[in-house]
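Have a look at the structure below before the remarks.
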Amino acid sequence: MRRFMGAYRESLAYMFSDPRAVKLYAESVGATETLVNASIERFQLKKGKQLDSISGVDALMQEGVKVKLLDRPLTKEQLAELIQILPPN
């Protein structure tokens, strides 16, 4: 898992820092660079692809209780066991 996360972080760093990455991606999907750049900006892909933090867990648990997927929200200890984010190396 550590190797995967390291490679994932490295790939993201390349994708969002090197203009050649946008060009390569645009070519591979048959889109314009302008469209790819606009999509990155509009959908906040850089922020959304980060796996170093998770937000909205409380709202998700409330919804889970509401639709009866959870009996009650998870405790802090249960969340700590469920969500374990590896720190950058």
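The values are calculated or read from the model by the stated rules, or taken from the named source; none is laboratory data. This one's a predicted model, so the numbers in the text were calculated from it and none came from an experiment. Heads up, the Cβs are rebuilt from the backbone with ideal geometry, glycines too, and the neighbour counts pull from every protein chain shown.
Computed quantities for the displayed model
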{"read-out": "Enumeration of residues in the range 39-78 that are over 18 Å from the mean Cα position of the chain (by Cα) and either surrounded by 10 or more Cβ atoms within 10 Å (Cβ to Cβ) or touching a residue at least 60 places away in the same chain (Cβ under 8 Å) (or both)", "value": "61, 62, 63, 64, 65, 69, 70, 73, 74, 78"}
{"read-out": "Residue in the range 74-81 that is outside any helix (DSSP H, G or I) and farther than 25 Å from residue 16 by Cβ present", "value": "yes"}
{"read-out": "Residue list for the range 58-89, filter: closer than 21 Å to residue 2 by Cβ and among the β-branched types (Val, Ile, Thr)", "value": "83, 85"}
{"read-out": "Residue 26 in a loop (DSSP other than H, G, I, E, B), more than 18 Å from the chain's Cα centre (by Cα) and over 26 Å from residue 85 (Cβ atoms)", "value": "no"}
{"read-out": "Subset of the range 1-23 [part of a helix (DSSP H, G or I) and either of a type in the set (Asp, Glu) or touching a Ser or Thr at 6+ places or on another chain (Cβ under 6 Å) (or both)]", "value": "10"}
{"read-out": "Filtered residue count, the range 50-65, keeping only those that are at pLDDT 85 or above and charged (D, E, K, R)", "value": "2"}
{"read-out": "Qualifying residue in the range 38-49 (condition: among the polar types (S, T, N, Q) and at pLDDT below 95)", "value": "yes"}
{"read-out": "Residues that are more than 18 Å from residue 10 (Cα to Cα) and either in a helix (DSSP H, G or I) or not assigned by TED's automatic domain parsing to the domain that holds residue 1 (or both), drawn from the range 29-53", "value": "29, 33, 34, 35, 36, 37, 38, 39, 41, 42"}
